[in-house]
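Visitor: Got a structure here, written out as structure tokens. Questions coming.
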Amino acid sequence: MIKVYKTLLVDDERLSRNDLRQMLSAHDNIDIVGEAANGDKALELINERQPDLVFLDIQMPGLNGFDVLEHISSDVKVIFVTAFDEYALRAFEVNALDYLLKPVNPERLKQSIERLELIPDESDESIRELEYHDRLLLKLNTSLGFLKISTIISITSAGDYSEVLCTNKKKVLVHKSMSEWETRLPATFFNRIHRTTIVNMEFVDRLEEWFNNSYRVYLKGIEEPYVMSRRYVAKLKQKLS
């Protein structure tokens with residue numbers, strides 16, 4: 001079944017909105033639910049109609065496109081549409097899904113729409129197991145971004161979220177449970193060592209016996225060890241052998 005994206009067009013030029021609307025009519029998975037000619041109206045419509053996708057101009061009177069982006073949920077996917085290429089780097093720094101230059105090329109627009117289909121539906125339990133070199137598009141802290149699976153050192157439970165420690169030593173919060181991670185991560189590389197902890201086996205330096213048949217797990221470049229509860233000891237030892 002095709003997923004249909006409720007879509008909002010935001011541009012202060014009516015002709016640009018009309019052109020984009022006409023091109024988008026060729027895509028069955030796009031349902032345009034409104035248009036806005038400025039940032040304030042865009043925020044009003046976003047709150048009212050809860051779109052999945054916003055085509056967003058950058059240079060507008062009042063609030064510009066980046067201002068609008070700061071006020072909306074990262075669940076809303078944004079494709080910038082602008083006549084200026086100078087904002088491209090900043091657009092991707094704020095995790096826009098894509099960046100289209102005016103006049104929009106229909107084939108380039110099609111590529112942007114196709115990128116939507118690359119975003120996994122996390123409610124789909126049949127999603128395949130991830131490969132080690134995959135990139136996963138997730139909400140990272142408060143924005144949308146790509147997470148390279150191979151850069152994950154460890155994942156720890158944080159209530160309804162999980163905290164992911166990456167090779168750049170930065171930690172990001174992801175709205176994904178430990179059981180979801182355990183199901184999707186490649187089992188060859190990742191192992192659960194505690195109810196609250198998953199580690200990347202590539203970063204395991206050594207194990208030290210602790211009390212009550214548990215272990216301390218030291219990871220490369222990480223000073224503080226993780227505790228491995230005894231129920232996971234046998235499974236991890238098998239992987240390390």
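Visitor: Of everything in segment 183-241 that's in a loop (DSSP other than H, G, I, E, B) and among the hydroxyl-bearing types (S, T, Y), which residue is nearest to S154 (Cα to Cα)?
Guide: T196
Visitor: Also: Scanning segment 72-124 for residues that are in a helix (DSSP H, G or I) and at pLDDT 90 or above, which turns out surrounded by the fewest Cβ atoms within 10 Å (Cβ to Cβ)?
Guide: Filtering segment 72-124 for residues that are in a helix (DSSP H, G or I) and at pLDDT 90 or above, the one surrounded by the fewest Cβ atoms within 10 Å (Cβ to Cβ) comes out as E107.
Visitor: Could you grab me the full set of residues in segment 125-165 that are modelled with pLDDT of 80 or more, within 28 Å of H27 (Cβ to Cβ) and assigned to a strand (DSSP E or B)?
Guide: Selection gives R135, L136, F146, L147.
Visitor: Next question, about the same structure. Just give me the residues in segment 24-47 being among the polar types (S, T, N, Q) and closer than 24 Å to N105 by Cα, in sequence order. Show your work before the answer.
Guide: To start, the set of residues in segment 24-47 that are among the polar types (S, T, N, Q) comprises 25, 29, 38, 47.
Listed by number, the residues that qualify are S25, N29, N38.
Visitor: Is there any pair with a first residue in segment 184-198 that is closer than 10 Å to S229 by Cα and in the same structural domain as E163 (by TED's automatic domain parsing) and a second that is part of a loop (DSSP other than H, G, I, E, B) and modelled with pLDDT under 90 whose Cβ atoms are under 6 Å apart and which are 6 or more apart or on different chains, and what are they?
Guide: The qualifying pairs are H194/S229.
Visitor: Just name the residue that is farthest from D134 (Cα to Cα) out of those in segment 172-201 that are surrounded by 15 or more Cβ atoms within 10 Å (Cβ to Cβ) and charged (D, E, K, R).
Guide: R192
Visitor: Could you tell me which numbered condition A36 fails, if it satisfies all but one of (1) surrounded by fewer than 20 Cβ atoms within 10 Å (Cβ to Cβ); (2) over 16 Å from L100 (Cβ atoms); (3) at pLDDT 95 or above?
Guide: (1)
Visitor: Next question. S25 versus (1) surrounded by fewer than 15 Cβ atoms within 10 Å (Cβ to Cβ); (2) modelled with pLDDT under 95; (3) closer than 22 Å to R115 by Cα: which is the lone unmet condition?
Guide: Just one mismatch for S25, condition (2).
Visitor: Let me ask something additional. Residue by residue through segment 3-18, note down the ones that are aliphatic (A, V, I, L, M), under 21 Å from the mean Cα position of the chain (by Cα) and surrounded by fewer than 16 Cβ atoms within 10 Å (Cβ to Cβ).
Guide: Hit for segment 3-18 is V4, nothing else.
The values are calculated or read from the model by the stated rules, or taken from the named source; none is laboratory data. Just so we're clear, the structure is a prediction, and the values are computed from it rather than from any experiment. Using ideal geometry, Cβ is built from the backbone for each residue, glycine included, and neighbour counts are taken over all protein chains shown.
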